[in-house]
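Everything below concerns the one structure shown next.
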Amino acid sequence: MKQLLVRSEHCVGCKSCELACAVAHSESKTLFGAVLESQPPRKRVFVETDGTMNFPLQCRQCSDKPCVRACIAGAMHLDPNTGLVQVNDDKCVGCWMCVMVCPFGAITEGPDRHVVKCDRCRELQYEPACVSACPTRALQWVEVDRFAATDRRSWVDHLKEANTYAE
């Protein structure tokens, strides 16, 4: 199964992912159209920074799924076909329990006091708009094993580079 993974060292804080996310979740699906919509679209990815480091953050699809367990209305649910946590707007009562238990702060207020969270661009056949928009490939939609193998390889390259400097 693919996951949305982050290489924070590549994030330049441009917020292209935030913009692409909002447009992907707009009614018009275009930037110009989204700006003119009466109900502005809500982003589901947030680029946080401390001034030196940037980190794009969205729902991490936690293995223990605290938002699903905390949802009193059953609006937060596990999609049996994808294994992803999704939100059913028709059931959301705006109690904010999911917001309170999310360890990453990745769930936020949407229209009509409902909540919104990253749905991995369900309407785009699970091709996340934030990944496509990221100019530095800080966001990647990949198999976890492939991501981990790339990380292992980068450590070998890093150590080899460090040994070159030491000589």
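Taken together, the values in this text are just the output of simple stated rules run on the coordinates, not laboratory data. Just so it is clear, the model here is predicted, and its values are computed rather than measured. Ideal geometry is used to build each Cβ from the backbone, glycine not excepted, and the neighbour counts take in all protein chains shown.
Observations on the structure shown:
- In the set (1) surrounded by fewer than 15 Cβ atoms within 10 Å (Cβ to Cβ); (2) free of Cβ contacts under 8 Å to residues at least 60 places away in the same chain, the condition left unmet by GLN39 is number (2).
To keep it simple, each residue is scored yes or no on (1) surrounded by 12 or more Cβ atoms within 10 Å (Cβ to Cβ); (2) touching a residue at least 60 places away in the same chain (Cβ under 8 Å).
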| site | (1), (2) |
| --- | --- |
| ARG69 | no, no |
| GLY74 | no, no |
| VAL99 | yes, no |
| GLY105 | no, no |
| ASP119 | yes, yes |
| SER132 | yes, yes |
| TRP155 | no, no |
| ASN163 | no, no |
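- Considered as a group, the residues in segment 134-145 that are more than 21 Å from VAL47 (Cα to Cα) and loosely packed, with under 12 Cβ neighbours inside 10 Å include one that is farthest from the chain's Cα centre (by Cα), and that residue is ASP145.
- Among the residues here, SER16 does not qualify as hydroxyl-bearing (Ser, Thr, Tyr) and more than 17 Å from the chain's Cα centre (by Cα).
- Odd one out for ASP119, checked against (1) within 28 Å of MET100 (Cβ to Cβ); (2) outside any loop (DSSP other than H, G, I, E, B): (2)
- Residue list for segment 1-32, restricted to those being aliphatic (A, V, I, L, M), surrounded by fewer than 19 Cβ atoms within 10 Å (Cβ to Cβ) and touching a helix residue (DSSP H, G or I) at 6+ places or on another chain (Cβ under 6 Å): LEU31
- The one condition from (1) closer than 27 Å to CYS14 by Cβ; (2) surrounded by 12 or more Cβ atoms within 10 Å (Cβ to Cβ); (3) touching a residue at least 12 places away in the same chain (Cβ under 8 Å) that HIS114 does not meet is (1).
- Residue count, segment 103-116 (criterion: within 17 Å of GLU27 (Cβ to Cβ), within 15 Å of the chain's Cα centre (by Cα) and either of a type in the set (Phe, Trp, Tyr) or part of a loop (DSSP other than H, G, I, E, B) (or both)): 0
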